[in-house]
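Student: Pasting in a structure now, in structure tokens, and then I'll have a few things to ask.
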Amino acid sequence: MRENALLKKALKNVAIAAGKAGHDPYRPGWHLSPAAGLLNDPNGFIQFDGRYHLFYQWNPLACAHGAKWWGHWSSDDLTHWQHEPVALLPGEVYDVNGCYSGSAVNDNGTLCLLYTGNVKLPGSRTAWQCLATVQPDGEVTKAGPVIGLPEGYTGHVRDPKVWRHGPYWYMVLGAQNLQEQGKVLLYRGETLRQWTLSGEIAGSHLNGLGEFGYMWECPDLFALDGQDVLLVCPQGLPAKEQSWLNTHQSGYFVGRLEYEHADFTHGDFHELDLGFEFYAPQTTLSDDGRRLLFGWVGVPDADEFYQPTAEYGWMHMMSCPRELHLVNGKIIQQPVKELQSLRGEHTRQQGCADDLAPLAITQAELVIASQGEWQAHLAGALTLTCTAQGLTLHRINCRTGEPETRYWSGQVNHLHIFCDHSIAEIFINHGETTMTSRYFPAAEQRIHWQGRGQLTVEHWQLESSMVV
């Protein structure tokens, strides 16, 4: 009965938002965004029976965080998506306060979801790691909890990422111990219903780290080009002068996981994206062997509720899908090749930045080869500056009205930029790093060039690819 009541409220909110969406100049044309309400973490990203599935954290009832659902999209090509039935609603005693993030696996031909059931208690909370199965018609059957709250940890244990290695299933969980230190836990299971805690494999005061945040969210551990990579979102890292500037960080460690001993020896922490909004990335291994990633273009506990899309009944979107490689111990991110199918009209211009014509960027892709110093002004709302020291990205904060800046240090020779109404994704030097940011222009959606640097700019208008 609770789920029926929630579905009725959600249907009303989606209908209201649909009437407003057509008037919102910031609604993306080809990035994935919610029909209504608030979207955050990508969940359950998988290619199953040849089709991609992307689940997502969703509050369809309001532009607010609350008792999260799992929405569900699917696609044949990572570019054209369709809605599937809602996967998970917070209707049981073990997930009454939210079906939090998790992952999807193929268990002998059955698509299975593992997620965190959030339960708030008077003055505290607890968490259950839960199992559900997806039927061929898209309906989901909950099997209930498979892991309770482990001893020695607070109720902040969540976000199971599950994979198969040899004869066993493995799971990493983000956690907070009783000393309020962030950790990543490793579990091993003979089945998806039977799990044993192997131990802590990363976190504060492990593997040479000192104090390193009070909670580690959204872990994702996978093999990449001969090494093991742990993506994770540590909360509580103090900002540095030109790094770790977002409220919470999203990054990775590269190392080697010893499965039998639950030991993950790793190197330094690297931010995965240096823009204003990027968090909770999740990957999958495609049938053709690519490691693919979606990220949430947002940051928790930041200034999200001052974004103007809330007036139109929706908030946030996913990044474009990205392909990952590992080169010299660093992750290289590139937009997936499938996005080229959206390319429309093409133009090319070359010369001094001051002499280049403005270009439309409402929905656009730009490839820029550059020498020297220059600036690009995106619709008067986001400024990209290239100097001998590197890149800066500058905008006005939508809450404070004060300027804010993000940085990348190094020599710039190649940029690949995707724009979609209110988002820019910048791939630097063929994916050496990325800068992802929202912006909300009041002016015409064009990019203007400034400076004496020499540029060659390839420009494509991009077609829409709305969810059907």
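Student: What number of residues in region 88-103 are open to solvent by 10 Å² or more (accessible area, probe 1.4 Å) and either in contact with a Phe, Trp or Tyr (Cβ under 8 Å, 6 or more places away or on another chain) or part of a strand (DSSP E or B) (or both)?
Tutor: 3
Student: For region 401-410, check the following and say yes or no: at least one residue is among the polar types (S, T, N, Q) and open to solvent by 10 Å² or more (accessible area, probe 1.4 Å).
Tutor: Narrowing region 401-410 to residues among the polar types (S, T, N, Q): 405, 409.
Going one step further and asking which of them are open to solvent by 10 Å² or more (accessible area, probe 1.4 Å), we end up with 405, 409.
Taking every residue of region 401-410 in turn, at least one turns out to be among the polar types (S, T, N, Q) and open to solvent by 10 Å² or more (accessible area, probe 1.4 Å).
Student: Given the criteria open to solvent by less than 40 Å² (accessible area, probe 1.4 Å), closer than 21 Å to HIS53 by Cβ and in a loop (DSSP other than H, G, I, E, B), does GLY138 qualify? First the steps, then the outcome.
Tutor: Details: open to solvent by less than 40 Å² (accessible area, probe 1.4 Å): yes; closer than 21 Å to HIS53 by Cβ: yes; in a loop (DSSP other than H, G, I, E, B): yes.
Yes, satisfied.
Student: Determine which single condition SER204 fails, assuming it passes every other condition in (1) surrounded by fewer than 20 Cβ atoms within 10 Å (Cβ to Cβ); (2) modelled with pLDDT of 95 or more; (3) of a type in the set (Gly, Ala, Ser).
Tutor: (1)
Student: Of the residues GLY351, GLY344, only one is farther than 29 Å from LEU292 by Cβ and either open to solvent by 10 Å² or more (accessible area, probe 1.4 Å) or within 22 Å of the chain's Cα centre (by Cα) (or both); which? Show your work before the answer.
Tutor: On the way: GLY344 fails: farther than 29 Å from LEU292 by Cβ.
Step by step, each of GLY351, GLY344 is checked, and only GLY351 is farther than 29 Å from LEU292 by Cβ and either open to solvent by 10 Å² or more (accessible area, probe 1.4 Å) or within 22 Å of the chain's Cα centre (by Cα) (or both).
Student: So is LEU292 open to solvent by less than 10 Å² (accessible area, probe 1.4 Å), modelled with pLDDT of 95 or more, part of a strand (DSSP E or B) and not assigned by the TED database to the domain that holds GLU425 or not?
Tutor: So LEU292 passes the test.
Student: Testing ALA35 on (1) in contact with a helix residue (DSSP H, G or I) (Cβ under 9 Å, 6 or more places away or on another chain); (2) over 29 Å from THR110 (Cα atoms); (3) surrounded by 18 or more Cβ atoms within 10 Å (Cβ to Cβ), one condition comes back false. Which one is that?
Tutor: (2)
Student: Among the residues of region 216-257, write down those that are aliphatic (A, V, I, L, M) and in a loop (DSSP other than H, G, I, E, B).
Tutor: Result: LEU237, ALA239, LEU245.
Student: If I filter region 187-204 for residues that are in the same structural domain as LEU173 (by the TED database), farther than 22 Å from GLU258 by Cα and either touching an Asp or Glu at 6+ places or on another chain (Cβ under 8 Å) or part of a strand (DSSP E or B) (or both), do I get at least one hit?
Tutor: Checking region 187-204: not a single residue is in the same structural domain as LEU173 (by the TED database), farther than 22 Å from GLU258 by Cα and either touching an Asp or Glu at 6+ places or on another chain (Cβ under 8 Å) or part of a strand (DSSP E or B) (or both).
Student: Determine, yes or no, whether LEU39 is assigned to a strand (DSSP E or B), touching a His at 6+ places or on another chain (Cβ under 7 Å), of a type in the set (A, V, I, L, M, F, W, C) and under 22 Å from MET315 (Cα atoms).
Tutor: Judged against the criteria, LEU39 is a match.
The values are calculated or read from the model by the stated rules, or taken from the named source; none is laboratory data. Everything numeric in this text was worked out from a predicted model, so none of it was measured. Using ideal geometry, Cβ is built from the backbone for each residue, glycine included, and neighbour counts are taken over all protein chains shown. All accessible areas refer to the heavy atoms of the entire protein, side chains included, with ligands and DNA or RNA removed. Shrake-Rupley method; radii C 1.70, N 1.55, O 1.52, S 1.80 Å.
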